[in-house]
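In what follows, a single structure is set out as structure tokens and then discussed.
The values are calculated or read from the model by the stated rules, or taken from the named source; none is laboratory data. Computed from a predicted model, the values in this text were never measured in an experiment. Note: ideal-geometry Cβ built from the backbone for every residue, glycine included; neighbour counts use all protein chains shown.
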Amino acid sequence: MHHIAVILAGGIGRRVGGNVPKQLLPLNDGRSVLEHAVDAFEQAPDIEAIVLVMHSDWMAKCEEMLLLNAWQKVVRLVPGGKERWESSVHAIEAVQEWAQERKWQEEEVNVLLHDAARPFVSQRIIADVCAALETHEAVTVAVPCVDTMYKSLTPDPSPEGEGDKYVTEIPDRRTMMRAQTPQSFRLKVIRQAYELVLQSSPCGGELERGFTDDCGVVHRVMPHIPIYIVAGEERNRKITYAEDI
């Protein structure tokens, strides 16, 4: 099997604020969030290649970063889309092109889609995901919920999350898990999943309304494919707000 990592850095991180995307902000050691994320997969023995998805306005900065770090596994730099799902689609197309150039069969290629905003993914997680992909077509990473979970009356459409909310359900937290990345699939599976959704909603309307990650797409349109869960880590946290930096 061939394992190709995709680092999704196409967003601009509105919730962090400022004029620089959160993936380009420096952490305590002076290196950016994105550099930490790419380094993790650059160092992973199972990863053969990396596709890096970047916001179109910051492609030049990303190219500078590539030269500075001399990453050997980054084989494609792809402009991101307006929404996360578009970035995933662009990345999948790039992976498919890379695999075809090497005459690899889709059934032999695994895609690990990782959020650049998770800079501390461990080598253990990456290795466990790659091992799981040997026998599973879809693999995700998750940690158990330790907080009580509430389901509210309606999702708040406002970006600030303001407005009145009321508790309508309190699910058993023992059955709940918090999703992390990488979320990983056989190339054929994730490609077909997005194709199926886009056939029913050519402009991506359903994707924008109903999906927040790649597993959600596969689970909705290919429910016959089980999604195996690899144990995540609290350290593999997502940088969302300014205080997270």
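Criterion first (surrounded by fewer than 16 Cβ atoms within 10 Å (Cβ to Cβ), touching a Leu at 6+ places or on another chain (Cβ under 8 Å), closer than 25 Å to residue 218 by Cβ and touching a residue at least 24 places away in the same chain (Cβ under 8 Å)) does residue 83 satisfy it?
Yes: the conditions hold for residue 83.
Can residue 132 be described as closer than 15 Å to residue 44 by Cβ, crowded, with 18+ Cβ neighbours inside 10 Å and over 17 Å from the mean Cα position of the chain (by Cα)?
Criteria met by residue 132.
Could you identify the single residue in 138, 131, 116 that is farther than 16 Å from residue 50 by Cα and in contact with a strand residue (DSSP E or B) (Cβ under 6 Å, 6 or more places away or on another chain)?
None of the others qualify; the one that does is 138.
Each row is one residue, and each column tells you yes or no for (1) assigned to a loop (DSSP other than H, G, I, E, B); (2) within 27 Å of residue 45 (Cβ to Cβ); (3) acidic (Asp, Glu); (4) modelled with pLDDT of 90 or more.
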{"residue": "124", "(1), (2), (3), (4)": "no, yes, no, yes"}
{"residue": "136", "(1), (2), (3), (4)": "yes, yes, no, yes"}
{"residue": "139", "(1), (2), (3), (4)": "no, yes, no, yes"}
{"residue": "155", "(1), (2), (3), (4)": "yes, no, no, no"}
{"residue": "174", "(1), (2), (3), (4)": "no, no, no, yes"}
